[in-house]
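The values are calculated or read from the model by the stated rules, or taken from the named source; none is laboratory data. Note that the structure is a prediction, hence the values are computed from the model and not measured. Cβ: placed from backbone, ideal geometry, glycine included. Neighbour counts: every protein chain shown.
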């Protein structure tokens, strides 16, 4: 099809181009009929330019009158200065005096308006993704994502990392999440799996001597419906040889420093804070603490302070080897600078919340003037205990202390959740901050009460800390549970955005780990035989990390859902509403693959 | 595990570092025992450094004596000047006087020697890919591949292309090759497909207004065993809006210019040569001519010259509306500057070859002194015809003309094959040249004699040339076959390395194309409904191209097989010998997916 090709984009013309004869191609965004004169906003990826159509030019005017929104046109004319300028857009000082107009394509009436404050449901947006992507916000997200690719590529290139593509059709090694399977036609009855991550391949690359590997790659997990997870997602995958944990931290921190500098012009502070897993649980009740939370204290264990109180709930907890712990909410003020009272309604609401977490209720203590406290449990505590408690928290007038008691992990987790809830309820998250935090020294194994066996807490290729290596030969549950691994997560604003470890490179150690998680020699060989085999031929010490690309971009774009930064995302039920996948296939295709559907 | 971390790599030390105390980590590559003194070549990705172990340092010497090839060690010591220098490697002037030695890992005896002229079979190399990748050649290929990624990324970024990841789990639209299918667990009985290419998505991105898209992406085709094809392969995928064919050519040529300059420091000449598909068949008998072939002429139609000869084979061909065509082989000399005689053995061999292609034999004519010819068919030709024939080819003493007759496509294809065969047999391919060539104006449809219907020659989204649009309404086979499309291949050295087209953006035209290939409205809707729907909302004129990344890298590396430039390739039967995929999976996994295996 012939058409007059643009000589400029809709984003680049300004007053310096006055008098130039140009052609633009783009989409009709708005048409205004000012009693004869027609003004058309023409849009492309680069911006918006105003076209002026004079009724004196009859044939053009008639064509223009047939235009609708989202029509694709080619318009040629002279750049002229506008009478009424719009200084809010780069092209706002000029317009095009059109003397040639071609319709390149028509458009039906769009299913929703292409506007920033989109009113359409997410379903409709996903179904008509090509319309949704025309919105400036979505376009900006996709372009920012593109910028981040480039920063990542260049950062790692500068550091002599080699990008290697690992296979998408690989072996199924069901560990952790479920594999997506791909039936083989040539080898009927056999299947490939899509990678949950390139973990085994990147370790193989270290054994091959590649030294420094990076890849931005798709990973696949067949998980049950979870908000903001995608069956396919993107990962920055990194592995290095002859290194220790600190090297991974340095490389990672440099990456985020560069991304934040280039994208947001923010100098983030490195090195990042570090917390061991045990300390994170102790202080925040979670391994993903959101350090942007202000005005809520860390968790304090107060067992020693209140254990002798007459409060039966506390006594019970102590008796069962449990603990008593608390957090303090500072005096908070609303946006009118007025103190927010912690009312009965609020405490009732929090009581309801902890009941759902399996507690009988929540203890609270409001601090008034002169250290006076108002609290249903104050009567069970001595004045000495109360003073000690206030001292523990440096509590002042207007502060409130919330107390829970029971089994350690349960209490900590609940207080961790409570911190998040209170922060959300009272807007105590400082959204202007970016809080990076390494969580280190995760447990290597977790005991599964259901199966009565151990599972890898992170993954099964992680090396234990030196001083815990000896427990790999133990059969004592406590000892095995006490093993801490050289394993780390990177947390940003309360989201895990990365995870890694120093890997086992000695076959004997790997075999011991497999044994503890209950893999027989045969199973280990069938699942990971090629990796175990590779370990025999001079595997170097190595380790790495993988970052969640989608989540990082979502944080940079300031959006909550990763669906806002993925061009063609799937719904929580793993469907694409645009192309209706997954879909039924022809009987013939299944026959060729040698499979059939189970009858319902 | 504790170990002494390197302070230098094995590739960076030279005489300027003399006296420095350093630590290296790497693989033992060679051990030489010079009557007491031990010399060890230590290897890492960056190079090779010689270690010197003095027997006076007893504990180190004893450790060193236990080392074997491919052991991983950490060695510390002082950089000293070598007595006997090796000026062939950058580190050849120095060695390390080792005073600390740690074994980081042992190695079994390698399944094959890590050497450049590898003697192992390709099967063994694939099975132990981590050993094969330790070979310098393989490492170089992988690193060169990495360089090409970066050039591609940066080239397109400079031109404001946006990289977008398109889905890997998509809808099955079996067209051309077979899809790999992925059963959905959540939507039992339904399947995703892996993309044969992101074709539909990149068009959708144009409709979304992204303007310029690029992606280096994996594509998947479930094809039958073909040498040098991979079930998953990598593509540079490009799409642009508001452009014409020449814009795609410009962008593509710039890319290859940059790659060849940066990788090989060669200035390739642009614009590339262009040939229409029809001319390519006419001149070279193939749509993938290898322009590096020297000393063999293009194909000449000589029907007019010899049609009145008394040679029955020619007469028959003319009677059946066939043709007579020929190529000329120049006088060739061997590497001792001696003329190669076209002997009876050679012509017999070529006769045998064309017989396999369905011909009765081959006509040949050797040109001697003074234009005398020696040829079994000379006696059927008048002297006038012979003179005209020699004139047609500017034939000189020592040249040979080979003649075939019959149906046009059959003769052209055979002569095309013959050019390749003779070029290979007599080393007439100039390996120092890189010959890029655009083939344009492919037929839009090809008639399938078996099904009695039409198929898309390239793909079904390609726009016909303007002057042929009218034939979309025709039901005349000749007219439909005569439709030429704005469709192009890029050929490099006789390999197709890219393919693209200007796409249809008008739904009515797309519907007509679907109709000709026999898709009912319903089928079209079910397979491509989302794309057809998207066309309704203002699709811009657009087009693009996709390049075979693996093949390009293979050409740059000077290797024949793309398996040499893929880290973890599969065999021709689509298996991975390293990890034994595809493999059987657990019954439980199939049950969860709601599928079962067909009984045999």
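Evaluate the stretch B:329-343: report whether one residue or more is under 18 Å from residue B:428 (Cβ atoms), modelled with pLDDT of 95 or more and either in contact with a helix residue (DSSP H, G or I) (Cβ under 7 Å, 6 or more places away or on another chain) or assigned to a helix (DSSP H, G or I) (or both). There is at least one residue in the stretch B:329-343 that is under 18 Å from residue B:428 (Cβ atoms), modelled with pLDDT of 95 or more and either in contact with a helix residue (DSSP H, G or I) (Cβ under 7 Å, 6 or more places away or on another chain) or assigned to a helix (DSSP H, G or I) (or both). Every test in (1) touching a helix residue (DSSP H, G or I) at 6+ places or on another chain (Cβ under 7 Å); (2) in contact (Cβ under 8 Å) with a residue 60 or more places away in the chain is passed by residue B:273 save one, and that test is (1). Anything in the stretch A:15-57 that is in a loop (DSSP other than H, G, I, E, B) and loosely packed, with under 14 Cβ neighbours inside 10 Å? List them, or say none. The answer is A:18, A:19, A:35, A:36, A:56.
Residue B:68 satisfies every condition listed in (1) closer than 20 Å to residue A:506 by Cβ; (2) within 14 Å of chain A (Cβ to nearest Cβ); (3) not in a loop (DSSP other than H, G, I, E, B) except (3). Scanning the stretch B:220-241 for residues that are assigned to a strand (DSSP E or B) and without any contact (Cβ under 8 Å) to a residue 60 or more places away in the chain turns up just one, B:220. The conditions of being in a strand (DSSP E or B) and either touching a strand residue (DSSP E or B) at 6+ places or on another chain (Cβ under 6 Å) or assigned by TED's automatic domain parsing to the domain that holds residue A:172 (or both) are not met by residue A:518. When the residues of the stretch A:375-407 are filtered to those that are under 14 Å from residue A:314 (Cβ atoms) and part of a loop (DSSP other than H, G, I, E, B), which remaining residue is modelled with the highest pLDDT? Filtering the stretch A:375-407 for residues that are under 14 Å from residue A:314 (Cβ atoms) and part of a loop (DSSP other than H, G, I, E, B), the one modelled with the highest pLDDT comes out as A:407. Scanning the stretch A:199-214 for residues that are in contact with a strand residue (DSSP E or B) (Cβ under 9 Å, 6 or more places away or on another chain) and at pLDDT 95 or above turns up A:201, A:202, A:203, A:205, A:206, A:207, A:209, A:210, A:211, A:212, A:213, A:214. Residue count for the stretch B:163-193, restricted to those that are on the phi > 0 side of the Ramachandran plot and either modelled with pLDDT of 95 or more or within 7 Å of another protein chain (Cβ to nearest Cβ) (or both): 1. Checked against the criterion of being in contact (Cβ under 8 Å) with a residue 60 or more places away in the chain and over 29 Å from residue A:111 (Cα atoms), the candidates A:59, A:76 yield just one match: A:76. Just to be sure before I move on: is residue A:471 within 17 Å of residue A:515 (Cα to Cα) and out of contact with any strand residue (DSSP E or B) (no Cβ under 7 Å at 6 or more places or on another chain) in the structure I sent? Considered against the rule, which asks whether it is within 17 Å of residue A:515 (Cα to Cα) and out of contact with any strand residue (DSSP E or B) (no Cβ under 7 Å at 6 or more places or on another chain), residue A:471 comes out as yes. Scanning the stretch B:547-600 for residues that are in a helix (DSSP H, G or I), within 10 Å of another protein chain (Cβ to nearest Cβ) and in contact (Cβ under 8 Å) with a residue 12 or more places away in the chain gives B:549, B:550, B:592, B:593.
For the stretch A:323-349, the set of residues classified as farther than 18 Å from residue A:367 by Cα and surrounded by 15 or more Cβ atoms within 10 Å (Cβ to Cβ) consists of A:323, A:324, listed by residue number. A single entry from B:165, B:123 fulfils the requirement of being within 30 Å of residue A:580 (Cα to Cα) and assigned by TED's automatic domain parsing to the domain that holds residue B:553: B:165. Determine, yes or no, whether residue B:93 is more than 14 Å from chain A (Cβ to nearest Cβ), touching a residue at least 60 places away in the same chain (Cβ under 8 Å) and closer than 18 Å to residue A:534 by Cβ. No, not satisfied.
Considering (1) free of Cβ contacts under 8 Å to residues at least 40 places away in the same chain; (2) in contact with a helix residue (DSSP H, G or I) (Cβ under 7 Å, 6 or more places away or on another chain), the lone condition that residue B:537 does not fulfil carries the number (1).
Among the residues of the stretch A:347-374, the ones that are more than 20 Å from residue A:424 (Cα to Cα) and part of a loop (DSSP other than H, G, I, E, B) come to 6 in all. Among the residues of the stretch B:408-467, those identified as out of contact with any strand residue (DSSP E or B) (no Cβ under 6 Å at 6 or more places or on another chain), in a loop (DSSP other than H, G, I, E, B) and closer than 30 Å to residue B:517 by Cα are B:449, B:450, B:451, B:452, B:459, B:460. If you scan the stretch B:120-162, which residues turn out to be under 30 Å from residue A:138 (Cβ atoms), part of a loop (DSSP other than H, G, I, E, B) and at the interface with chain A (Cβ under 10 Å from one of its Cβ atoms)? B:160, B:161 - these are the residues of the stretch B:120-162 that are under 30 Å from residue A:138 (Cβ atoms), part of a loop (DSSP other than H, G, I, E, B) and at the interface with chain A (Cβ under 10 Å from one of its Cβ atoms).
The number of residues in the stretch B:189-208 that are touching a helix residue (DSSP H, G or I) at 6+ places or on another chain (Cβ under 7 Å) and assigned to a loop (DSSP other than H, G, I, E, B) comes to 1.
Residues that are outside any strand (DSSP E or B) and within 27 Å of residue B:146 (Cβ to Cβ) do occur in the stretch B:489-502.
In the stretch A:561-570 there is at least one residue matching the filter, namely being surrounded by fewer than 17 Cβ atoms within 10 Å (Cβ to Cβ), assigned by TED's automatic domain parsing to the domain that holds residue A:224 and over 22 Å from residue B:580 (Cβ atoms).
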